[in-house]
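What follows draws every value from the coordinates through simple rules; no lab data is involved. Nothing here was measured: the structure is a model prediction, and the numbers come from that model. Note: ideal-geometry Cβ built from the backbone for every residue, glycine included; neighbour counts use all protein chains shown.
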Amino acid sequence: MIRSSKLSRIRRRVGLGLLTVLAAWVVWAQIPARSVVHAPEASASIKEAGLTLFEHEWKPGDPLANGDGLGPVFNERSCVACHSQGGVGGGGDTNENVVSFEIHPVPGRPQVLDGMIHRFALSKDCRESRTGLNDFFAVVPGGVKVVGTCFVETRDFDPVRTQSINPTALYGAGWIDRISAKTIVHQSRKKALQAIGKEILADLEGTKPGRVRVLADGRIGKFGWKAQFATLEEFVASACSNELGLGTPLMEQAKPYAHQAETKVDRDLDAKQFRSLVSFVDTLPRPTEILSADPKERGHVERGKIVFEKVGCASCHTPEIGGVAGIYSDFMLHRISSGNDLGGGYAEVPQVQLPDDHPLPDEWKTPPLWGVADSAPYFHDGGSPTLELAISRHRGDATNVIKAFEVLSGDDQTALVSFLKSLKAPVGAKPAAPRSRAMIASR
């Protein structure tokens, strides 16, 4: 009897302890994370060493490399080649677009594969192409069900998906790196609750809430068009690997997809070099809002900022997050296309679905708008040369916002665009030097 009573007390204590831990976790989850307070810092010597690597034009067997230097496959010869708009560290034009690919799952291979079709290679047998991908990932006969309004049929399924990707500006990247995952998750929950509240009140005109990108290891993605990287360090390592063919302590150099079994080589950047490069990108200045000294023009921009909020742009392009003001992003995935490739309301149902946490083809991370005035062209593919065209292209989750924009007066539409044009690249950004377009490698 005594033993049974003692066991009951232990069970009650354990239960109470678990309940306390659960309650504490619930409270913790509802409290926003600490705001970013301190600006990214690095010594002048480290930043200078990083700048040298960022501007350096790499070549095969480069003396700055500890491995084999540029390649064997790559898209450019330097970081600044793709990041020069508004100064060193800015975005790139469509000439610097790259082609990314995803290999969707099929029976017998449930995982999603991804990579790039590189523009250049050091040898002919390393050249890559869209056609070449299908030699490795063949079309599956009858592999997809097409569901239409009046019919259902099966068609061949091509697992290869490609997308043209435009280089993004890197200004303020260190501030983004310091925004905690908890802040983004908290923001997501807040928006989801707001959306539910509006639906209860039969208000269906707002922006659909996006979703946080949860990576395979449970971390939250913030960098890349698909939010596929959790940290700036990983983003820089991937850029070195895929864009320049440079191996780093964090990642090997990219290999041609036809030669994945090639012998490993020494990493091109050692730990000190890589740390300097990351520190340089980390401390790039953050963009700011530049207001005109002319009172009339200033008032026009301020009016545009109010309209920006009023029509719902700020629902996704959140002005402040985690204490970082003027960033204009929620770092969540949103569907921004007007439909699938088939059109007409048809839907594809492949034999093996994408994992639930994997971005859909038309889901993209909300890009920060700070510095947007100096980062044309716009959208993930650089397909919108002007801000006006970029606004009109926002469909999918942002359809209701665009409808609200379209019924604005001409003056209010112009004011909104004027506000966006006030979001300039950092004044202190180093000008990018002109460079030769000549390439040393064959296509």
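Overview of values
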quantity	calculated
Label-point separation, Thr162 to Ser409 (7 Å along Cα→Cβ), nm	4.9 nm
Efficiency of FRET from Cβ geometry, Gln351 and Ser392, R₀ 25 Å, rounded to 0.05	0.10
Simple label model, 7 Å out from Cα along Cβ direction - Ala138 to Asn95, nm	4.2 nm
FRET efficiency for Lys182 and Glu48, using Cβ-Cβ distance with R0 set to 30 Å, rounded to 0.05	0.30
Relative contact order of the stretch 110-256, pairs being alpha-carbon contacts under 8 Å that are 6 or more residues apart, as %	13 percent
Proxy reagent accessibility, fewest Cβ within 10 Å first, across Met332, Met116	Met116, Met332
The chain: antiparallel DSSP beta bridges as a percent of all, rounded to 5	100 percent
Helix-derived mean residue ellipticity, 222 nm - over the chain, DSSP H n ≥ 4, -39500 (n - 2.57), to 500	-9500 deg cm²/dmol
For the stretch 253-318 and the stretch 62-77, distance of Cα centres in Å	24 Å
Under the span-like rule (Cα at least 15 Å along the axis, Kyte-Doolittle mean at least 1.6), DSSP H helices of the chain	none
Placed amide H near Ser384: partners under 5 Å, 5+ positions off or other chain	Tyr378
Mean shadow area of the chain over all directions, Cα convex hull, nm²	30.0 nm²
Amide proton proximity set for Thr318, modelled H, under 5 Å, gap of 5+	Ser329, Asp330
Sites Ala192 and Lys124, calculated FRET efficiency, Cβ-Cβ separation with R0 45 Å, nearest 0.05	0.30
Fewest-first sequence of Ile336, Ile306 by Cβ atoms within 10 Å of each Cβ	Ile306, Ile336
Trypsin sites (Lys or Arg not before Pro) restricted to DSSP loop in the stretch 113-148 with at most 15 other C-beta within 10 Å	none
Within a Gaussian network of the chain (alpha carbon springs, distance under 10 Å), most fluctuating of Lys365, Lys421, Lys264	Lys264
Extension gain from Val112 to Ala39, taking 0.36 nm per residue of separation minus the Cα-Cα distance	22.6 nm
Relative contact order for the chain, counting Cα pairs under 8 Å that sit 6 or more residues apart, in percent	23 percent
Neighbourhood charge, 11 Å Cβ-Cβ cut-off, centred on Lys365 and excluding it, Lys, Arg +1 and Asp, Glu -1	+2
HN-Hα J in Hz across the stretch 151-157 - Karplus 6.51, -1.76, 1.60, θ = phi - 60°, x for Gly and Pro	7, 9, 8, 9, 9, 5, 10
Exposure proxy ranking, count of Cβ atoms within 10 Å, fewest first, for Tyr378, Tyr171	Tyr378, Tyr171
